[in-house]
Each structure stands twice: as structure tokens, then as C-alpha cells.
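Here the structure comes first, spelled out in C-alpha cells, and everything after it is commentary.
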Amino acid sequence: MQPIRHGAIEGNIASVTVTFNDTGVTSVLKTRLGSACHFFDQFPVGDDDIQLRLDWSDIDHNGQPTLDADFINRATGKHRSIQGRRQDAHHTVSSPGGGRCYTWKFDGVSHQFSVSVKWLSSVSESTYLEDFCSAEVIRAADRNPKER
């Protein structure tokens, strides 16, 4: 799979649905104008709100979009730096051989889910028509007088 450029999701993907394995709950992920990501609903972990997103511009070694996590300080609304214990939870690759299945872990919280994608496709077709003909023009003046 090739990465999808920022702002090009709408021309490639109709919708993305996530199914959480532990609850069976499904949700349609949202996009943001000009982004190359599909966004999950935010959820709390400790003092942070976690914003997960599938980044279609960053394809992992399994050929799937990388799962990114942003850590937003609930008190200030500001994004926290991705250092220390947040580093490992910031980027999550898909499970090998499992399609678009992910397990995200941080501070004792774990979410395992699978992602379904409805792709858009387009077909372009061209038809070419060629015709050949030939004609020979014989003028009366070019004929042999005996043939007249």
C-alpha cells in the first residue's frame, strides 16, 4: 500500500470503521480537513485525554497505517511532549498477518481493535477509433485513346 498524502483521504477512502475486540462496540472514524488521518473519539487515561488516529501518510512495515497517539493534558488542553513513558505508546504498528488489527497500551490501559475500510475506486476508460480507406482517381485524359 502506498501512503496517502495530506488532504487526499476523501478521494481514496469512503469510510473507516473500528471494532473494539473486548466490547464489540463499533464506531465510524472521522477525518479533518487537510489531514491524512482518521480520528478516534478521545478517551481519558490518568490526567490525559488520548487522541488516537490512523495515519495514512505513515505506512508501517505490515503495509497498514500507523496508529498514532496524542496525549492532551486535560487541565490545560495542551499536547504533552512525546518523551519517556509516552514514547512507546505514541506509534503503534498493526499486528503482523492480522490485517488492520492493533493493540494500543499505555499506563495499564490496553485497547485491542480491528479497522475496516471502504475504499473508493475510479475507472477511466478511453476508446480509440481509426478508419483507413484509399481511392484511385483516373482522369479521362490519362487513359489510352484505344480504351475510350
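Take region 3-148 with all the other protein chains still there, run a 1.4 Å probe, and you get 68 Å² of accessible area per residue.
Among the listed values [x] 1.57; [y] 1.27; [z] 1.15, the one matching Rg/Rh (Cα atoms, Kirkwood Rh) as calculated from this structure is [x]. Close Lys pairs in the chain (alpha-carbon distance under 22 Å; sequence gap of 8 or more, or different chains): 4.
The values are calculated or read from the model by the stated rules, or taken from the named source; none is laboratory data. Please read these numbers as outputs of a predicted model, since none were measured by experiment. These accessible areas exclude ligands, DNA and RNA; they are computed on the full protein's heavy atoms, side chains included. Shrake-Rupley method; radii C 1.70, N 1.55, O 1.52, S 1.80 Å.
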